[in-house]
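These notes concern the structure reproduced below.
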Amino acid sequence: MRKHRPGKLAVKIGHAVSSVGLDRSIIRRHIRSQRLRLRHCYEERLLAAPKLAGTVATSFAIGGNGKVIGSTAKGIGDAPLQDCVAGAVASIEFPRTKGDSVVNVRYPFTFQSAAQ
């Protein structure tokens, strides 16, 4: 197995598409709090797939109490990375939503290493 050398990795957080109930800037702030965990997901996968790069699109729902009630990720063709990203998003606790409504969110993350 080829050893991945830590270098410059980019984890770019895209822009949320969400239903009404929670301000996008609040969602972004909470997503950004997981940046290190997302980077770790990517670093782990680069050990097995050094050329891995692309965008993972997450879809998740935030319950009225602010807890994520479902999270999926797809789009890069690497199930372990997608699962790790979905898990990182699922662990976030957001503020209560307006009217305790469920907020559906789509959020992209782009992963790229300096080797690309």
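Observations
- Condition met for Val68 (among the hydrophobic types (A, V, I, L, M, F, W, C) and at pLDDT below 95): no
- Listed by first and then second residue, the pairs linking a residue in the stretch 89-107 that is surrounded by 15 or more Cβ atoms within 10 Å (Cβ to Cβ) to a residue that is aromatic (Phe, Trp, Tyr) and at pLDDT below 95, with Cβ atoms under 8 Å apart and 6 or more places separating them unless they lie on different chains, are Val89/Tyr107.
- Any chance His30 is out of contact with any His (no Cβ under 8 Å at 6 or more places or on another chain) and closer than 23 Å to Arg96 by Cβ: yes
The values are calculated or read from the model by the stated rules, or taken from the named source; none is laboratory data. Values in this document were obtained by computation on a predicted structure and should not be read as measured data. Glycine also receives a Cβ, built like all others from the backbone with ideal geometry; neighbour counts cover every protein chain displayed.
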